[in-house]
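> Quick one: the structure is below, questions incoming.
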Amino acid sequence: MTYAKDALIFDKSVQGRRGVRYPKRNFNWEFTAPEGLAPESAPFIPEVSHLDVVRHYTRLSLRTFGVDTGFYPLGSCTMKYNPRLCDKAAGFDGFAGVHPSQPLITADGIVELLAETSEWMCETTGMESFALQPAAGAQGEFAGMLTFRKYFDHIGESEREIMIVPDSAHGTNPASAAVAGFNVVEVKSTDEGLTDPSAIEAVINKYGAEKIAGIMLTNPNTLGLYESHICEIADMLHKIGALLYYDGANLNALLGIVRPGDMGFDLLHLNTHKTFSTPHGGGGPGAGPIGVKEKLAPFLPGAVFCVKNGKPEVVWPEHSIGRMKAWWGNFLVLVRTYAYFVHIGARGLRRVAENAVINANYIQEGIKDAFEIPYYARCMHEFVASAEHFKREYGVTAKDVDKKLLEKGIHAPTTYFPLIVHEALMIEPTDTESKETLDHFIEVMKGLAEAIKSDPEKFKKPDANLLQVVNPDETAAARNFIPRWYPEDGRQG
């Protein structure tokens with residue numbers, strides 16, 4: 001039997017073939033499914049050999065692009081190398097084998113690890129207390145907004161309903177604020193790509209100081225630029241009793257150099273799966289701990305691990321917003337974070353930020369004559385290029401550029417974000433890439449620019465021999481989702 005290149009595991013099924021054989025046993029039990037839940041017929045399970053299963057899924061895995069297989073300059077997502085040391089630590093029996101229901105008295109080492117991790121997070125960010133339970137960055141954001149809401153309700157200022165969000169913010173920022181019950185007001189960036197204090201002042205004047213809950217900021221922002229007015233913005237909001245939320249997505253640029261808490265932020269979330277080694281992407285696992293200044297500590301979600309009188313303890317905040325997740329959060333992700341702190345140390349954290357900033361500026365300088373840089377400046381850990389001029393002159397889009405990068409064995413940058421840059425290509429090389437990799441990427445980008453100019457029509461045609469999927473129709477895929485395959489007659493539905 002021969003199979004097509006993209007044959008499904010169902011196509012390889014041969015009636016009666018088995019990969020595993022179980023010993024015959026006589027079980028004397030009956031099971032009847034509840035009325036209405038019993039299937040009309042038995043499900044079709046592919047009948048294949050053990051070797052065919054191994055080969056099929058190994059082949060599929062080799063089609064997956066990841067940090068371990070190539071350069072991944074996905075802006076604002078910090079897709080950097082994950083030290084295997086951290087994975088190994090998370091696999092230790094004492095960590096991987098612990099049960100979330102066992103009494104804490106039998107898990108003193110776990111409590112101590114989480115308490116020390118929290119302390120190091122506080123020291124790194126300038127916060128005074130951390131809750132480790134949120135399971136991802138977006139959930140950390142939501143927990144932060146709920147904490148703001150609970151704090152204002154507790155002090156009798158429930159009328160504070162306006163959350164200010166810059167137009168360059170991550171998309172989850174306004175979503176988290178809105179779901180937590182705030183009304184989001186967007187402020188425009190300046191021509192330099194920064195948050196304008198005068199625009200914030202205008203919002204305060206329009207809605208009234210007593211209505212302002214706070215602002216959600218990423219610093220450096222999603223254009224890769226440091227918000228140089230941050231202290232002025234913090235003073236302005238604190239004077240009217242409002243709070244500052246820090247989106248930790250871009251913390252990789254600041255480690256060991258400057259702390260969000262020292263800038264005036266009252267609460268932040270960390271993406272440990274971005275900044276502190278854990279593999280990022282594929283739907284998880286993640287962790288989004290939130291850190292706060294002292295006045296917000298009583299409202300943190302779930303348990304807080306801390307060290308008191310030299311001993312690790314578990315504290316339940318008095319006015320907690322409640323649990324964000326079952327048990328203690330994604331514990332093994334936090335073990336990786338602990339291992340990363342131990343492995344790299346304080347001086348190493350600073351080197352992370354320095355290398356991330358140097359690498360981003362190196363690429364920006366290398367491609368600035370090939371691609372437009374709408375907000376060109378000395379960037380931090382990332383920058384945003386644009387293919388708008390290629391679209392205007394040759395009909396070539398940022399998506400077309402992405403396809404060609406994939407053909408070259410380089411993952412595409414973040415595309416069409418932030419929304420304030422048309423045909424955006426958001427590039428973040430991270431701290432872990434070598435100069436040789438950066439030079440190769442620069443040469444590829446220059447080559448793509450020249451290829452567009454010489455033959456744009458050819459450029460827009462992906463090479464089907466190099467890409468598994470060439471021109472997917474995302475809209476049709478979403479509207480005509482096919483969750484099930486029927487083997488009897490090949491029907492899909």
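> Output yes when any residue across the range 184-196 is outside the structural domain of Pro418 (by TED's automatic domain parsing), polar (S, T, N, Q) and free of Cβ contacts under 8 Å to residues at least 60 places away in the same chain, and no when none is.
The initial filter retains those residues of the range 184-196 that are outside the structural domain of Pro418 (by TED's automatic domain parsing), namely 184-196.
Checking the rest, the ones that are also polar (S, T, N, Q) come to 189-190, 195.
Remaining after also requiring free of Cβ contacts under 8 Å to residues at least 60 places away in the same chain: 190, 195.
Among the residues of the range 184-196, at least one is outside the structural domain of Pro418 (by TED's automatic domain parsing), polar (S, T, N, Q) and free of Cβ contacts under 8 Å to residues at least 60 places away in the same chain, which makes the answer yes.
> Looking at His389 and the list (1) part of a helix (DSSP H, G or I); (2) under 30 Å from Leu85 (Cβ atoms); (3) of a type outside the set (Lys, Arg), which single condition is not satisfied?
For His389, the failing item is (2).
> Which condition from (1) surrounded by fewer than 19 Cβ atoms within 10 Å (Cβ to Cβ); (2) polar (S, T, N, Q); (3) in contact with a helix residue (DSSP H, G or I) (Cβ under 9 Å, 6 or more places away or on another chain) is the one that Ser434 breaks?
(3)
> In the range 31-49, what residues are closer than 12 Å to Ile9 by Cα and over 36 Å from the mean Cα position of the chain (by Cα)? First the steps, then the outcome.
Keep residues of the range 31-49 that are closer than 12 Å to Ile9 by Cα, which gives 44-49.
Of everything in the range 31-49, those that are closer than 12 Å to Ile9 by Cα and over 36 Å from the mean Cα position of the chain (by Cα) turn out to be Phe44, Glu47, Val48, Ser49.
> Output the number of residues of the range 454-485 satisfying the condition of being over 28 Å from the mean Cα position of the chain (by Cα), more than 16 Å from Leu405 (Cα to Cα) and not acidic (Asp, Glu).
3
> Now for a separate question. Report yes if Leu74 is crowded, with 20+ Cβ neighbours inside 10 Å, in contact with a Pro (Cβ under 8 Å, 6 or more places away or on another chain) and not β-branched (Val, Ile, Thr), otherwise no. Before the answer, list the steps.
Numbers: crowded, with 20+ Cβ neighbours inside 10 Å: yes; in contact with a Pro (Cβ under 8 Å, 6 or more places away or on another chain): yes; not β-branched (Val, Ile, Thr): yes.
Against the criterion (crowded, with 20+ Cβ neighbours inside 10 Å, in contact with a Pro (Cβ under 8 Å, 6 or more places away or on another chain) and not β-branched (Val, Ile, Thr)), Leu74 qualifies.
> Name, by its number, the condition in (1) surrounded by 13 or more Cβ atoms within 10 Å (Cβ to Cβ); (2) part of a helix (DSSP H, G or I); (3) over 30 Å from the mean Cα position of the chain (by Cα) that does not hold for Leu8.
(2)
> Of the residues that sit in the range 244-302 and are among the acidic types (Asp, Glu) and surrounded by 24 or more Cβ atoms within 10 Å (Cβ to Cβ), which one is nearest to Glu354 (Cα to Cα)?
First, the residues of the range 244-302 that are among the acidic types (Asp, Glu): 247, 262, 266, 294.
Adding the requirement that they be surrounded by 24 or more Cβ atoms within 10 Å (Cβ to Cβ) leaves 247, 266.
Values: Asp247: 20, Asp266: 25 Å.
Within the range 244-302, the match that is nearest to Glu354 (Cα to Cα) is Asp247.
> Scan the range 181-195 for residues that are farther than 23 Å from Glu157 by Cα and surrounded by fewer than 19 Cβ atoms within 10 Å (Cβ to Cβ) and jot them down.
Kept after step one, since they are farther than 23 Å from Glu157 by Cα, are these residues of the range 181-195: 187-195.
Once the filter is applied, which keeps residues that are farther than 23 Å from Glu157 by Cα and surrounded by fewer than 19 Cβ atoms within 10 Å (Cβ to Cβ), the range 181-195 yields Lys188, Thr190, Asp191, Glu192.
> Go through the residues of the range 222-230 one by one and say whether even a single one is of a type in the set (A, V, I, L, M, F, W, C) and touching a Lys or Arg at 6+ places or on another chain (Cβ under 6 Å). Walk me through it before giving the result.
Of all residues in the range 222-230, those of a type in the set (A, V, I, L, M, F, W, C) come to 223, 225, 230.
Next, from what is left, pick out any that are touching a Lys or Arg at 6+ places or on another chain (Cβ under 6 Å): none.
No: the range 222-230 contains no residue that is of a type in the set (A, V, I, L, M, F, W, C) and touching a Lys or Arg at 6+ places or on another chain (Cβ under 6 Å).
> Okay, moving on. Please work out if Glu186 is of a type in the set (Asp, Glu) and part of a strand (DSSP E or B). Break it down into steps so the answer makes sense when it comes.
On the way: of a type in the set (Asp, Glu): yes; part of a strand (DSSP E or B): yes.
In short, yes.
> Okay, next question. Might you check whether a residue that is at pLDDT 95 or above, among the acidic types (Asp, Glu) and out of contact with any Ser or Thr (no Cβ under 9 Å at 6 or more places or on another chain) occurs anywhere in the range 263-281? Walk me through it before giving the result.
Of all residues in the range 263-281, those at pLDDT 95 or above come to 263-270.
Applying the additional criterion that residues be among the acidic types (Asp, Glu) yields 266.
Next, only the ones that are out of contact with any Ser or Thr (no Cβ under 9 Å at 6 or more places or on another chain) stay: 266.
Scanning the range 263-281 turns up at least one residue that is at pLDDT 95 or above, among the acidic types (Asp, Glu) and out of contact with any Ser or Thr (no Cβ under 9 Å at 6 or more places or on another chain).
The values are calculated or read from the model by the stated rules, or taken from the named source; none is laboratory data. Just so you know, these numbers come straight off a predicted model, no measurement behind them. Reconstructed Cβ throughout: ideal geometry from the backbone, glycine too, with neighbour counts over all protein chains shown.
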